[in-house]
1. Filter the stretch 33-54 down to the residues that are assigned to a loop (DSSP other than H, G, I, E, B) and either in contact with an Asp or Glu (Cβ under 7 Å, 6 or more places away or on another chain) or free of Cβ contacts under 8 Å to residues at least 40 places away in the same chain (or both) and list them by number.
2. Out of LEU136, LEU75, I need the residue that is assigned by TED's automatic domain parsing to the domain that holds LYS42, under 28 Å from PHE45 (Cβ atoms), surrounded by 12 or more Cβ atoms within 10 Å (Cβ to Cβ) and out of contact with any Cys (no Cβ under 9 Å at 6 or more places or on another chain). Which one?
3. Can you name every residue in the stretch 90-108 that is over 8 Å from PRO133 (Cα atoms) and of a type in the set (A, V, I, L, M, F, W, C)?
4. Of the residues PHE45, PHE106, which is among the hydrophobic types (A, V, I, L, M, F, W, C), out of contact with any Cys (no Cβ under 7 Å at 6 or more places or on another chain) and not assigned by TED's automatic domain parsing to the domain that holds LEU159?
5. Would you please list the contacts, defined by Cβ atoms under 6 Å and residues six or more apart or on different chains, that run from a residue in the stretch 142-169 that is in the same structural domain as GLY118 (by TED's automatic domain parsing) to a residue that is polar (S, T, N, Q)?
6. Give ARG50, ARG11 a once-over and let me know the one that is charged (D, E, K, R) and under 26 Å from LEU136 (Cβ atoms).
7. For the stretch 55-65, what are the residues that are hydrophobic (A, V, I, L, M, F, W, C) and either over 25 Å from the mean Cα position of the chain (by Cα) or assigned to a strand (DSSP E or B) (or both)?
8. Filter the stretch 1-34 down to residues that are modelled with pLDDT under 95, surrounded by 15 or more Cβ atoms within 10 Å (Cβ to Cβ) and among the small types (Gly, Ala, Ser), then give me how many there are.
Amino acid sequence: MTEFKLKAEARIEKAKILRQMGQVPAIVYGKGFDNMAISLEKIAFNHLFREAGTSNLIELAIDEEKPFKTLVHDLQKNPITEEIIHVDFFKVNMKEKIHAEVPLSFIGESTAVINLDGSLITPVDTIEVECLPADLPSEIEVDISILDDFEKNIKISDLKIPEGVEVLSEPEEVVVFVQEPRSEEELAELDVAVEENVEAVEVEHTGEEAPAEGETADGDIEKKPDEKPEKTE
């Protein structure tokens with residue numbers, strides 16, 4: 001397991017001010033540990049989190065205190081910019097088992113994708129596990145090279161799980177399979193369904209149905225270019 005280290009400071013300023021200063025407000029909590037508000041240097045944390053994620057232990061050093069092991073337990077992002085605006089750290093006890101989500105890493109090549117023009121479908125990209133912090137894997141590899149037709153799939157029960165790690169996710173859940181390409185008839189049906197959906201959305205937003213063929217938007221009969229208007233007396 002890769003070692004990740006991060007420095008932090010006890011938080012003094014309000015969260016809004018910290019963000020203006022290029023800092024990220026955060027909190028540390030854990031069993032038998034008093035919650036502590038801290039601040040992180042934004043660039044340093046973003047760089048570390050891209051590699052560590054939520055499944056690698058991070059050695060957190062707050063001011064001059066002795067560092068301790070943590071996991072990123074949760075984080076909040078700006079819904080518009082996707083910028084991380086708050087982080088929750090969980091202080092782990094190295095002698096107690098923890099629950100964590102471990103990402104799946106899909107490796108190899110599927111001949112059903114390469115030779116049969118199939119589409120690789122990955123409905124599951126993380127699994128929940130229980131283990132001691134020292135046994136927590138940063139990722140679990142899934143070899144997709146066995147997927148050489150459209151009938152095969154890989155379930156959670158098929159994964160190679162490291163010793164000391166117990167999987168809590170449903171064992172029969174499929175994590176990856178190859179979907180065969182759609183036929184021309186299916187694609188045509190899909191186009192029709194999309195068009196109908198678009199029309200339904202337009203009606204929902206405008207409150208008006210699309211004009212029938214031969215009618216204008218206000219309900220009048222549409223005149224063709226070569227038609228003459230009826231005479232009125």
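The values are calculated or read from the model by the stated rules, or taken from the named source; none is laboratory data. This is a predicted model, so every value here is computed, not measured. Counting neighbours? That spans all protein chains shown, and the Cβs are built from the backbone with ideal geometry, glycine included.
1. Just the residues of the stretch 33-54 that are assigned to a loop (DSSP other than H, G, I, E, B), to begin with: 53-54.
Residue satisfying the conditions is THR54 alone.
2. After ruling out the rest, the residue left standing is LEU75.
3. Within the stretch 90-108, PHE90, ALA100, VAL102, LEU104, PHE106, ILE107 qualify.
4. Testing whether each residue is among the hydrophobic types (A, V, I, L, M, F, W, C), out of contact with any Cys (no Cβ under 7 Å at 6 or more places or on another chain) and not assigned by TED's automatic domain parsing to the domain that holds LEU159 leaves just PHE45.
5. ILE144/SER110; LEU147/SER110; ASP148/THR111; ILE156/SER169
6. When all the criteria are applied, what remains is ARG50.
7. Residues of the stretch 55-65 hydrophobic (A, V, I, L, M, F, W, C): 57-58, 60-62.
Of everything in the stretch 55-65, those that are hydrophobic (A, V, I, L, M, F, W, C) and either over 25 Å from the mean Cα position of the chain (by Cα) or assigned to a strand (DSSP E or B) (or both) turn out to be ILE58, LEU60, ALA61, ILE62.
8. Residues in the stretch 1-34 being modelled with pLDDT under 95, surrounded by 15 or more Cβ atoms within 10 Å (Cβ to Cβ) and among the small types (Gly, Ala, Ser): 2 in total.
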